[in-house]
Every structure is written in structure tokens, then in C-alpha cells.
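Notes follow once the structure below has been shown.
The values are calculated or read from the model by the stated rules, or taken from the named source; none is laboratory data. These figures come from a predicted structure and were not determined experimentally. We place every Cβ from the backbone using ideal geometry, glycine too, and count neighbours over all the protein chains shown. Remember, those area values only see protein heavy atoms, side chains included, never the ligands or the DNA or RNA. Shrake-Rupley method; radii C 1.70, N 1.55, O 1.52, S 1.80 Å.
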Amino acid sequence: EKGLGALASRIKIADMYMSLGDFKSALPICERGFDISKEITDKNTSNLMIKYFSNQLSSVLCELGDYERAIELQEDVVKFYITAFGSEDADTFTALNNLAMIYRSAGDVERAEQIFEELYKDLKSLLGDEHPTALICLGNIASLKIQLEEYGEALQIIEPLYEVKRRVFGEDHPHTLD
């Protein structure tokens, strides 16, 4: 039950339940997988499993509307990633993006916007303003502006963003069309 094979099976089973939209059945599998991941003595393997199960578990919690637990978990994950991988690691950026998305789903768009804007500032500084990850983050900010009915600000982001995405990704790429 605690070996890597068992964890891999848990991942597949939870993914299947999630694909079927059966998040209640996926929840205990994800919770147990997350707990077991923290017990693995090999740090590299443990970090990899924690990374996977934490993302899976926070997704399930959001789908079930348990935003409070999802936020708490994702905030812990961000702290863990910063400690394990550093504040400038791609996985840390992904964890921050996921945290912002959870806040957005929970209806706290102001907090989501704050996280996205801080993340974009860091991404732009580290990777450049035309890096795909930075562009996706900027698109998330624009989407939040629309949700907040700040259409003028959204338009100021979207028009130049579209041109950069077209140039970086290509005319028909999903990120350009998004």
C-alpha cells in the first residue's frame, strides 16, 4: 500500500474517477496518496509524489466546493515548494498559479488578482515578458479584469497580449486563441 507501485496505482485510479466526474470517490484516494507521499524517506521521490498528489487533491477539493481546505492545502504546497525547490522554480510558479486559480474559483478574485500580478512580475523579471508562462499569467490577469468588470483595463492588456501571443505561439495556437 505504501510502495511506489501502489502510489502510481492510486494516481491512475484517482485520475479515472476525476475523469468520470466522481470527485467524492477520488477524494479519499488523493488524501491517502498525499499522506503516504509525505512518509517516503527518499526526498526526491517524496517531493515528486507530494507534488502530484497535492495538485490532484486541491483540484478535487475545488470540484467539491471545499475551497477553504483547497486554499489551506495549496498555501502549504506553495511554502513546501519554496523550501524544496526555491522561489524561482517552475513548480513554485505553478503552485502559485494554482493558488490564484483556487482563490478565483472561491470567489475571492481580488486575492487571485494580487497573486497573479505578483507572479507575473516575478515571471517577467526572471523569464522575460514574452516567455509563454508569463504570457499565460498575464492572460489570467486580463480574465480576472473581465470578471471584475474592469473592461478598460482588460482591453489594455488583451490587445497587446494577443499580438505578442500571435508572434510567440503562432496564429492558430490554443494559447493565442484563448
Problem set entry | Top-ranked residue of the stretch 72-84 - restricted to ones that are open to solvent by 50 Å² or more (accessible area, probe 1.4 Å) and of a type in the set (Val, Ile, Thr), ranked as nearest to the chain's Cα centre (by Cα) | Ile82
For this session: For the stretch 60-71, state whether one or more residues are surrounded by fewer than 16 Cβ atoms within 10 Å (Cβ to Cβ), aliphatic (A, V, I, L, M) and within 14 Å of Leu27 (Cα to Cα).
Result: yes
For this session: Show the residue pairs that are 6+ apart or on different chains and have beta-carbon atoms under 9 Å apart, the first residue being within the stretch 121-143 and assigned to a loop (DSSP other than H, G, I, E, B), the second being among the hydrophobic types (A, V, I, L, M, F, W, C) and surrounded by fewer than 19 Cβ atoms within 10 Å (Cβ to Cβ).
Result: Asp129/Val164; Glu130/Val164; Glu130/Val168; His131/Val168
Exercise. Which of the residues spanning the stretch 19-49 are without any contact (Cβ under 8 Å) to a residue 12 or more places away in the chain, hydroxyl-bearing (Ser, Thr, Tyr) and part of a helix (DSSP H, G or I)?
Worked result: Ser19, Ser25, Ser46
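Residue by residue through the stretch 84-117, note down the ones that are over 18 Å from Leu148 (Cα atoms) and assigned to a helix (DSSP H, G or I). Outline the logic, then answer.
Our first condition is that a residue be over 18 Å from Leu148 (Cα atoms); within the stretch 84-117, this holds for 84-99.
Correct list: Ala84, Phe85, Ala90, Asp91, Thr92, Phe93, Thr94, Ala95, Leu96, Asn97, Asn98, Leu99.
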For this session: Quickly run through the stretch 22-59 and pick out the residues that are under 19 Å from Ser105 (Cα atoms) and either surrounded by 19 or more Cβ atoms within 10 Å (Cβ to Cβ) or touching a helix residue (DSSP H, G or I) at 6+ places or on another chain (Cβ under 8 Å) (or both).
Result: Phe23, Leu27, Ser54, Asn55, Gln56, Leu57, Ser58, Ser59
Problem set entry | Test: residue in the stretch 85-101 that is open to solvent by 20 Å² or more (accessible area, probe 1.4 Å), more than 30 Å from Leu20 (Cα to Cα) and of a type in the set (Phe, Trp, Tyr) | yes
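Of all residues in the stretch 95-120, which are closer than 18 Å to Glu153 by Cβ and free of Cβ contacts under 8 Å to residues at least 40 places away in the same chain?
Across the stretch 95-120, the qualifying residues are Val109, Glu110, Arg111, Ala112, Glu113, Gln114, Ile115, Phe116, Glu117, Glu118, Leu119, Tyr120.
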For this session: Quick one: which residue in Cys62, Cys30 is of a type outside the set (Ser, Thr, Tyr) and in contact with a Phe, Trp or Tyr (Cβ under 7 Å, 6 or more places away or on another chain)?
Result: Cys30
For this session: Could you check how many residues of the stretch 109-123 are more than 23 Å from Phe80 (Cα to Cα) and open to solvent by 30 Å² or more (accessible area, probe 1.4 Å)?
Result: 1
For this session: Give the stretch 131-178 a look and list any residue that's loosely packed, with under 14 Cβ neighbours inside 10 Å and either farther than 23 Å from Asn98 by Cβ or aromatic (Phe, Trp, Tyr) (or both), or say none.
Result: Glu149, Tyr151, Gly152, Leu155, Gln156, Glu159, Pro160, Glu163, Arg167, Gly170, Glu171, Asp172
